[in-house]
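Report on the following structure.
No value in this document is a laboratory result; all are computed from the given coordinates. Source: prediction; values computed, not measured. Neighbour counts are summed over all protein chains in view; Cβ atoms, including those assigned to glycine, are modelled from backbone coordinates with ideal geometry.
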Amino acid sequence: MTEEQPKPEESPPKKDAAKILIEEITGEGPRAKPRRRGVLGSLLVPMLAIFTGLVLGGVFIILTTPAVYAAFGVSIWEGIKAAWSSVWVAYSALFTGAFGSPSAIIAALGSGDMTAIRQAFYPFFESLVATTPYIFGGLALALGFRVGVFNIGAEGQVFMGAIVATFVGYALKGLPMIIHLPLAFLAGGLGGAVWGFIPGILKAKTGAHEVINTIMLNYVAFRLSEWLLNGPMQRPDSFNPVSPFILDSAKLPRFFGEPIRFHLGFFIALFMAWLVYWLLWRTKWGFSLRMVGANPHAARYAGVSVTVGIVVGMTLAGALAGMAGGNEVLGVSHSLAMAFSSGYGFDSIAIALLGNSHPVGVVLAALLFGALRNGATAMQLAAGIPIDIISIVQAMILVFIAAPAIIRTIYRLRPAAGGEEGVVVASWGGK
Amino acid sequence: MATIALQQQKIEYVSPSRQRVMGILFILLGAATWFFFSRGTGADIQTKFVMTPGGSTATLPDIILPALATVNVLAVLCVILGIIQLVKPRGFGRYTNWILTAVVGMFILAFLTWAASGKSLNLAGLLNTTLLKAVPLTLGALSGVLCERAGVVNIAIEGMMLMGAMVAALVGTISGSLWIGLIAAIASAAVLGLVHGVLSIRYKTDQIVSGTAINIFSTGMTSYISAKFMQVNQIELNNPGVFQPIEIPVLSSIPFFGPILFKQNIFFYAMFIFLALLTFGLYYTRWGLRLRSVGEHPRAADTLGINVFRTRYIAVLLGSMMAGVGGAYFTIGSVGGFDEVMTAGRGFISLAAMIFGNWNPFGAFGAGALFGFADSLASRFAILGVKIPSEFLLMTPYLVTMIVLAGVVGRSRMPAADGTPYVKEGG
């Protein structure tokens with residue numbers, strides 16, 4: 001890791017007061033140094049965290065495969081072979097489930113049959129479909145972290161977004177698509193925004209901690225959706241708690257024929273990532289938001305309203321999470337059911353932290369998680385490994401990202417220049 | 001006791017705005033009682049409250065109330081208390097919270113009278129389910145109290161409970177002994193607690209992140225084991241049975257309270273024992289004083305020679321073990337089998353109960369009982385044919401917690417150093 005060593009002439013011996021003040025305000029000072037390590041250096045810890053997480057997941061698979069124990073009863077060599085094959089079967093199923101099997105793709109391309117080609121590329125696009133809500137959710141958390149709030153309640157906001165988007169999607173009839181679709185999508189954002197605004201204003205006005213309030217609102221949202229789906233929003237001809245289907249004019253267009261479900265939402269998500277980047281790093285307004293997150297005292301001293309910053313931050317974060325919900329309804333499921341979200345909100349925490357609360361990092365992390373989640377579904381079918389293994393791997397990755405010192409100890413890396421970088425998190429006591 | 005118990009000083013001063021808010025709240029509750037419960041009730045309808053728990057030998061006569069008169073009297077009482085609170089200088093002063101409890105109690109009684117008007121409601125059964133539902137909530141909340149009083153936020157109660165529930169069922173079935181299952185549940189939660197401790201105390205990870213990681217891990221791990229083994233082979237792997245109620249002689253034959261309080265299984269008694277132990281430990285022993293000082297001002301505690309890290313480790317370990325007991329209740333204490341994600345967010349309600357109870361063991365129990373009440377009442381709505389959807393009643397614990405946290409009704413104060421990792425000077 002030669003590139004990690006800062007050259008002597010680069011270490012600034014003296015700084016003028018203004019520079020220190022700016023660094024103090026923006027919080028960019030200590031983080032400016034690791035950036036010099038280059039892209040590879042800053043990706044090293046996340047990559048190793050992902051790798052270690054997958055290795056531990058493999059160990060877990062081995063430990064829970066009875067065939068391995070039986071093989072070790074025969075001989076050690078047989079045991080090792082069985083252990084290796086159990087992991088190999090699982091992870092190759094994960095890979096082909098996430099990206100498609102290369103041989104099938106080549107065969108399909110060779111045959112020239114469109115249906116076969118779509119079939120072969122289906123896993124890859126399905127991974128992108130799974131990635132889309134993660135991008136929205138990860139951005140919601142990342143934006144919150146940058147503004148200094150921990151929006152742990154993205155799950156509830158996802159639900160509210162989905163509820164409102166569904167309602168607009170089926171209740172407003174006779175609108176052309178050009179109006180109906182954006183309206184439904186933004187309605188999803190609005191639903192989440194309201195659910196983010198409440199804890200935001202409570203924190204700003206009363207100091208009530210947003211972590212508790214958003215968790216509470218999660219359950220309020222669940223109960224609300226439970227009631228709505230069993231009552232006012234229940235599909236007329238159904239006894240199950242499901243909403244009516246949304247109208248065609250509110251559906252996010254899909255790019256390919258069946259069975260590929262890849263839809264416009266993915267590009268909207270990428271656009272939102274760019275928008276968040278532009279907002280936070282390229283506008284004065286976003287600068288003041290980041291200032292609130294980096295150092296509220298300095299922000300107040302500089303004339304930036306911390307109250308407004310927190311409320312705006314929570315509301316925007318809520319809106320992004322709400323879009324995740326709206327996106328799922330308008331793009332994938334086309335109706336709302338009770339067990340609608342598979343923990344997008346909580347996975348998003350890991351995604352935002354893995355992406356170091358930066359839009360580019362969030363998109364990359366979301367791609368990883370989307371591929372894992374989608375691949376795991378195939379793995380469950382092919383290898384009989386329950387999909388929940390992914391949660392275990394995700395938790396491991398989260399731990400290693402949150403405590404980089406563990407990774408550095410395992411791989412004997414030298415400590416990061418300018419102290420441990422950690423992750424930008426607004427903590428419990430950090431009011 | 002050589003150590004002076006440092007009870008929290010009750011704030012005697014009641015701010016004028018709080019006085020007014022309370023007065024208006026009382027009057028509003030009174031008005032709501034009249035508006036919602038009194039208007040629709042006919043003059044000659046009666047409400048019957050059954051006072052004998054199911055299966056009890058000792059009986060108490062049922063209470064039969066005229067519904068309309070009862071509701072009206074309760075409404076008037078609430079309004080009168082509200083007017084006194086507003087008119088009297090400084091209102092009820094330091095007794096305001098007691099009056100608030102009484103008013104809320106009257107509101108609930110009026111609600112029950114209205115809901116069960118023309119029918120009968122088993123009050124003893126309601127109290128029984130309330131306390132049973134309060135058991136895991138209280139154990140979880142006590143876990144939170146223990147950790148957070150030492151300055152470590154434990155958002156992982158949910159995950160620890162889930163793990164405890166799964167391990168208790170699995171080990172309990174394999175070993176054939178419920179006690180071994182319980183011990184294994186406690187041990188598994190302690191391992192998670194150790195991870196939380198190492199991450200947040202040694203590596204100074206953000207405690208919420210670490211807790212979230214544990215929650216995700218536990219959800220994944222328990223669902224994985226359950227899907228791969230326990231659901232496939234229910235009889236050999238997921239069939240632990242339950243702890244049977246232990247009847248305490250003499251006491252259990254008291255009418256009404258006897259069967260409710262003295263004919264339960266060990267988890268129920270454990271809740272009260274832990275409650276007493278923790279209250280005593282935290283407020284009347286040297287250990288508790290030290291633990292609380294670590295949670296309030298770790299640097300000062302360190303200066304006095306208290307080992308901050310060790311104190312926090314012990315608190316987190318003990319706290320997680322308590323959450324493990326709470327988790328075991330779900331399987332070997334009530335249902336007798338594990339289902340995926342069966343705690344269903346009760347760990348987070350525990351967290352709410354802890355805040356609602358102001359980081360105080362008895363407060364935590366009170367809040368746990370209140371939330372348990374909402375839960376058990378909601379399940380009776382359908383039987384009583386109440387028009388309000390039960391989902392809204394189930395929302396109330398969360399909404400009430402938010403209101404409390406916002407300081408509208410009362411201020412709950414978290415330990416000063418809660419959630420902040422301790423960094424030794426020069427270290």
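Summary table below
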item: Residue of B:GLY144, B:GLY347, B:GLY407 that the Gaussian network model of chain B assigns the largest fluctuation, springs spanning Cα pairs under 10 Å; result: B:GLY407
item: Pair B:PHE392, B:SER379: separation of 7 Å Cα→Cβ label points (nm); result: 2.3
item: Rounded D (µm²/s) - region A:145-278, Kirkwood Rh over Cα pairs, Stokes-Einstein at 37 °C, 0.692 mPa s; result: 199
item: FRET efficiency, 1/(1 + (r/R0)^6) with R0 51 Å, evaluated for B:SER253 and B:ALA187 via beta carbons; result: 0.85
item: Descending semi-axes in whole angstrom, ellipsoid equivalent of the protein assembly as shown, from the Cα gyration tensor; result: 44, 33, 32
item: Rounded FRET efficiency, nearest 0.05, which uses the C-beta distance separating A:VAL360 from B:THR101 and R0 of 51 Å; result: 0.45
item: Neighbour-count ranking [beta-carbon atoms within 10 angstrom, fewest first] of B:ILE355, A:ILE410; result: A:ILE410, B:ILE355
item: Phi-based couplings in Hz for region B:191-201 (Karplus 6.51, -1.76, 1.60; Gly and Pro marked x); result: 4, 4, x, 4, 4, 4, x, 4, 5, 8, 8
item: Semi-axis lengths, Å, region B:16-118, gyration tensor of Cα atoms, sqrt of 5 times eigenvalues; result: 30, 17, 9
item: GNM top mover of B:TRP287, B:TRP98, B:TRP114 - chain B, alpha-carbon springs below 10 Å; result: B:TRP98
item: Within 10 Å of each Cβ in A:201-214, the average number of Cβ atoms from other chains; result: 4
item: FRET efficiency, B:PHE309 to B:ASN233 (Cβ-Cβ, R0 41 Å, nearest 0.05); result: 0.40
item: Diffusion constant of region A:17-410 at 10 °C, which comes from Stokes-Einstein with the Kirkwood Cα-pair radius and 1.306 mPa s, µm²/s; result: 71
item: Inverse of mean 1/r across different Cα pairs in region B:125-405, Kirkwood, Å; result: 19.1
item: Shielding by partners, peptide B:17-29 (average Cβ within 10 angstrom, other chains); result: 0
item: Inter-label distance for A:GLN234 and A:LEU270, nm, one decimal - labels placed 7 Å from Cα along Cα-to-Cβ; result: 4.3
item: Listed residues B:PRO259, B:GLY407, B:SER379: farthest to the positive end of the dipole of chain B (Cβ charges); result: B:GLY407
item: If the convex hull is drawn through the Cα atoms of region A:75-202, its volume per residue in Å³; result: 210
item: Kyte-Doolittle mean at least -1.0 and Cα axial length at least 18 Å: DSSP H helices in chain A; result: A:38-63, A:76-99, A:114-147, A:154-171, A:177-206, A:210-230, A:265-282, A:306-327, A:359-383, A:389-402
item: Computed [θ] at 222 nm, deg cm²/dmol, chain B (DSSP H ≥ 4; -39,500 (n - 2.57); rounded to nearest 500); result: -20500 deg cm²/dmol
item: Neighbour-limited loop hits for trypsin sites (Lys or Arg not before Pro), region A:99-195 (at most 11 other Cβ within 10 Å; DSSP other than H, G, I, E, B); result: A:LYS173
item: Average beta-carbon neighbours from other chains, 10 Å sphere, peptide A:223-233; result: 3
